[in-house]
1. Specify the inter-centroid distance of the stretch 110-129 and the stretch 25-62, based on alpha-carbon positions, in whole Å.
2. In whole percent, how big is the carbon plus sulfur part of the accessible area of the chain, probe 1.4 Å, protein atoms only?
3. If each residue of separation counts as 0.36 nm, what is the full-extension length gain between Thr84 and Glu39 once their alpha-carbon separation is subtracted?
4. Starting from the exponent 0.38 and prefactor 2.2 Å, build the expected Rg for the chain from its residue count and divide its actual Cα Rg by it.
5. Order of 20-27, 33-40 by packing, highest average Cβ count within 10 Å first?
6. If you count only protein heavy atoms with a 1.4 Å probe, what accessible area per residue comes out for the chain, rounded to a whole Å²?
7. With helices defined as uninterrupted DSSP H runs, which ones in the chain have an alpha carbon span along their own long axis of at least 20 Å and mean Kyte-Doolittle hydropathy of at least 1.0?
8. Taking the Cα atoms of the stretch 34-92, report the difference between the largest and smallest coordinate on each principal axis, in whole Å and largest first.
Amino acid sequence: IGMWRAPWDNGLRGGDQVAAALWSLASGGPFGSGVGLGEAGRVPRAGSDMVLASVGCDLGLVGSLLVCGVTLAVTVRGLRAAATADTDFQRLVAAGLSTLYGLQALLIVAGTLGLFPLSGVSLPWVAFG
C-alpha cells in the first residue's frame, strides 16, 4: 500500500511525509500558531511539495482556505479572460494557462491531503521550489 493510501501505516522509508503533513495541518487548528511559529519544519519538503502543510500549521484552516480561494479566483479570472478573448489564439493560450495553473494547484492540494499521490510539483506562487 502506498504512502498516500495509508499515510499512518506504511513500511516505506521516508513514507511518513503525508502523515506529517496531515499532522501539521491538524496542529494549526482554525487560526494557526502564527507566521513562522508553527512546527512545519518537521514536514519533509515543507517549502515546496508540502507548502500547504506549512501554511496550515502557521495560518490554520483560515489561511489554507484563503490560499485555495485565491488560487481558485485566479483560475476563474483566467478562464473568464479566455472567454472574452478576441482571437482563437488568445482564447486557447488563456484557457490553457488557466487550466494548467488550476490543475497543478488541485494536484498539490490533493496530494497534501492524502487524496492523491504526491507528484513532486510545488504549489504555484506559494512555494519557493
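The values are calculated or read from the model by the stated rules, or taken from the named source; none is laboratory data. Because the structure is predicted, anything quoted here is derived from the model rather than measured. Cβ atoms come from the backbone with ideal geometry, glycine included; neighbour counts cover every protein chain shown. Protein only, heavy atoms only, side chains kept; ligands, DNA and RNA dropped before computing areas. Shrake-Rupley method; radii C 1.70, N 1.55, O 1.52, S 1.80 Å.
1. 14
2. Answer for the chain is 67 percent, counting heavy atoms of protein chains only.
3. Numbers: separation 45, 0.36 × 45 = 16.20 nm, distance 4.46 nm.
Contour length minus Cα-Cα distance gives 11.7 nm.
4. Taking N as the residue count of the chain, the ratio is 1.17.
5. 20-27, 33-40
6. Values: 7810 Å² over 129 residues.
Heavy-atom SASA per residue in the chain reads 61 Å².
7. Membrane-span-like by this criterion, though nothing is claimed about a membrane: 51-83, 88-112.
8. 49, 21, 12
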